[in-house]
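Here, each number is a calculation from the coordinates, and none is a lab measurement. Please read all numbers here as calculations on a predicted model, not as lab measurements. Reconstructed Cβ throughout: ideal geometry from the backbone, glycine too, with neighbour counts over all protein chains shown.
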Amino acid sequence: MIKTGFTHYWDTEPKDIPEEALVDIRKIVDEHKDIIQYESDIKDKPIVNKNEIIFNGIGRNGHETFWYNTRKEGFGFCKTARKPYDIVVCKVLLVLEAHMGINLRSDGFSNDRLSFDGSWNQAIEDVKRMGYIIQSKVESREDSRYYDCEIISIKPGQYKE
């Protein structure tokens, strides 16, 4: 059963996405072009430029549109309901965190297993293979069966084929 929630959160500020981040984000988007498009019901290509990134899953495999917008300061979020495009959202957010320090948070950072939830484990491994250096930790909550997961640091690397 798919839970209807599962949301990722970040902060934005009015500064352009650096070109080195855009190169990696474009590679991620291209790698997953079979599961994402501009909007769940609009077959245009996703948008990736210095001011915004926009995509969604395709058809019923879409949920809320991922829209990262640098034209304003504030709080952003995307609820994916763990649908297949969640992996793309997670990877893009990791790259943005590495290059822009977006204060990334997610429902997938707290659960009843000794690991990240949703697509996070796979996204972290995939982004590491791209050359990024990621440190994370998982800690048990006091007096609880839940664990809190955290990305301690992430640094850009060089894309590896």
Any chance segment 78-88 includes a residue that's buried (at least 16 other Cβ atoms within 10 Å of the Cβ) and at positive phi? yes
Complete set of residues in segment 114-130 that are within 14 Å of ARG82 (Cβ to Cβ) and surrounded by fewer than 18 Cβ atoms within 10 Å (Cβ to Cβ): ASN121, GLN122
Just to verify a result, which residue in segment 131-149, among those that are surrounded by 14 or more Cβ atoms within 10 Å (Cβ to Cβ) and not aromatic (Phe, Trp, Tyr), is farthest from the chain's Cα centre (by Cα)? VAL138
Only one of (1) within 16 Å of LYS27 (Cα to Cα); (2) hydrophobic (A, V, I, L, M, F, W, C); (3) more than 11 Å from the chain's Cα centre (by Cα) is not met by CYS90, so which one is it? (3)
The residue that is nearest to the chain's Cα centre (by Cα), considering only those in segment 24-53 that are loosely packed, with under 13 Cβ neighbours inside 10 Å and outside any loop (DSSP other than H, G, I, E, B), is ASP30
Test: residue in segment 10-22 that is buried (at least 16 other Cβ atoms within 10 Å of the Cβ), over 20 Å from ILE102 (Cα atoms) and within 16 Å of the chain's Cα centre (by Cα): no
On the basis of being under 12 Å from the mean Cα position of the chain (by Cα) and within 21 Å of LYS128 (Cα to Cα), does TYR85 make the cut? yes
